[in-house]
Amino acid sequence: MKQTLLRGRTLSFLRFPETIDDLSACRYEEDGGVLIVDGKIAATGAFADVRAKAGEGVKIVDHRPNLILPGFVDCHVHMPQMQVIASYGAELLDWLNNYTFPEETKFRDAQHGRRIARLFLDEMLRQGTTTVVAYCSVHKASAEAFFAESHARNMLNVAGKVMMDRNAPEGVLDTPQSGYDDTKALIAEWHRKGRQHYAVTPRFAITSTPEQMEMAEALMREHPDLHMQTHLSENHAEIAFTQELYPWSKDYTDVYDRYGLLGAKSLFGHCIHLSEREADAMSASGSVAVFCPTSNLFLGSGLFDYQRFRKRENPLRIAAATDVGGGTNYSMLRTMDEGYKVIALNGEKLNPLASFWQITRGNAEALSLVDKIGTLEPGTDADITILNSSTTPGMRLRMETIETLAEELFLLQTLGDDRTVAEVYVAGEPLKASLPV
Ligand code: GUN
Ligand code: ZN
């Protein structure tokens, strides 16, 4: 039995914090402890209480005065776009055609996929992100590379091979049958192997024929516990093209609905231009709208209406994500900084307690995985991120004037980045020292 006891300021969430003063939504200990036994959290609370529960020889790691948080969760990111990020000057469809599809073609080479999968998970961990929901390329080998790398690190990740059989270059196309067969084989090999989860991944309605959409439907029917991920209502030209390709549809959401793809484990990236009818359909099915602020700003796609979705009569489940390489930063701190500004442009605010809820428990709930990740609750996996609020001279100076936890979190979100992550634990193992700088 391996025991480790972390000491520091522990913070996790019980529910969505409605206001900046809503501390009853948080579980915070100024001198807190997290006891890890064999990769799982065995106890959390005041350090003295947790210490009393630990065995004699327990190893104590003192992180004071840093914050001990659940590891961050990124609910939508493209592994093959590490060399697409920072591509100049296009909106969505041109950006896909000019930069993204040519880059993803390189993943025909399995060796390239293995290299990028390794660098991708290194980068995510450096940023304090311990779980991603990832798109791989169309090539089966890219998903194999991702899962092999994830499994070797004992990370809990969700991923899938993209299915796409039209409106893209030959080198990134599959067929309805090969997309189905490759997905089946990947599910058989990787789903629930260790901490791996498979997501059926039709890229979006534009790049799948109706025959392929039916294959995605069949896969979800055959494996109802899988996640499903795709893109929805990101850009006006995308919406118009989708309407042309599926002329019978009421709207974009209706296309996915027709193929049985809405549901509680379905993640829809973007959801910027949804009608009320579409939002109602998302809500009724328990589908998740994924907020990708840096991507939506970078591609000029529009402003995700976080507070409207949350406060409407039929609320939507919401996740947050980087969407690298449309997104411009790997950090969930940087992501929520931009998210705050997007929400501000919609005339609302998101309080910093809610931001940190979103990237931990909120995203775990959106994935229906809160029994495993996203909190510091006993019985869950010990995926933990340690943050230092005084990492840079500018942060140190601002910390001199900060009085409350909420103010500190807002500073972390506004100025924090990978330098702010003092340590990251995956299933109880500290990994920071093993990551490239
Ligand atoms: N829609 C379809 N594919 C993509 C993608 O790779 N990135 C973004 N942002 N939108 C998409
Ligand atoms: Zn995306």
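Observations
- Globularity index of the range 171-322, i.e. its alpha-carbon radius of gyration over 2.2 N^0.38 Å: 1.03
- A Förster radius of 60 Å combined with the Cβ-Cβ distance from residue 58 to residue 166 puts the calculated FRET efficiency at roughly 0.55.
- Summarising the strand pairing of the chain, around 45 percent of its internal DSSP beta bridges are antiparallel.
- Taking only Cα atoms of the range 70-182, radius of gyration then Dmax in Å: 14.0, 42
- Cα-only Debye scattering, the range 366-424: base-10 log of I(q)/I(0) at q = 0.12, 0.29 Å⁻¹: -0.39, -1.10
- The residues of the chain present an accessible area of 36 Å² per residue when probed at 1.4 Å with all protein chains retained.
- Rg over Rh, two decimals, the range 262-355 (C-alpha only, Kirkwood Rh): 0.95
- For the chain, diffusion coefficient by Stokes-Einstein and Kirkwood Rh (Cα), 10 °C, 1.306 mPa s, µm²/s: 73
- Peptides 75-84, 143-152, 59-68 ordered by average Cβ neighbours within 10 Å, highest first: 75-84, 143-152, 59-68
- DSSP assigns beta bridges within the range 4-72; of those with both partners inside it, close to 70 percent run antiparallel.
- Each peptide in 318-328, 106-116 gets a packing score, the mean of other Cβ atoms within 10 Å over its residues, and the list from highest to lowest is 318-328, 106-116.
- Taking the range 14-66 and dividing mean pair separation by its residue count, relative contact order in percent (alpha carbons under 8 Å, at least six apart): 22
- For the chain, adding -39500 (n - 2.57) for each run of n ≥ 4 DSSP H residues and dividing by the number of residues yields -10000 deg cm²/dmol at 222 nm.
- Sorted peptide list for 381-388, 417-424, criterion being average Cβ within 10 angstrom, highest first: 381-388, 417-424
- Where Rh is the Kirkwood radius over Cα pairs, Rg/Rh for the range 162-233: 0.97
- Filtered trypsin sites (Lys or Arg not before Pro), the range 279-349: DSSP coil and at most 14 other beta carbons within 10 Å: 312, 349
- One Cα centroid belongs to the range 149-194, the other to the range 362-383; the line between them spans 24 Å.
- Principal-axis analysis of the Cα atoms of the chain puts helix 332-345 at an angle of about 70° to the longest axis.
- Note on the range 2-134: Cα-only Rg and Dmax are 20.8, 61 Å.
- Span from the the range 1-64 Cα centroid across to the the range 214-245 one, whole angstrom: 40
The values are calculated or read from the model by the stated rules, or taken from the named source; none is laboratory data. Quick caveat: nothing in here was measured; it's all calculated off a predicted structure. Backbone-built Cβ (ideal geometry, glycine too); neighbour counts: all protein chains shown. Heavy atoms of the whole protein, side chains included, go into the accessibility calculation; ligands, DNA and RNA do not. Shrake-Rupley method; radii C 1.70, N 1.55, O 1.52, S 1.80 Å.
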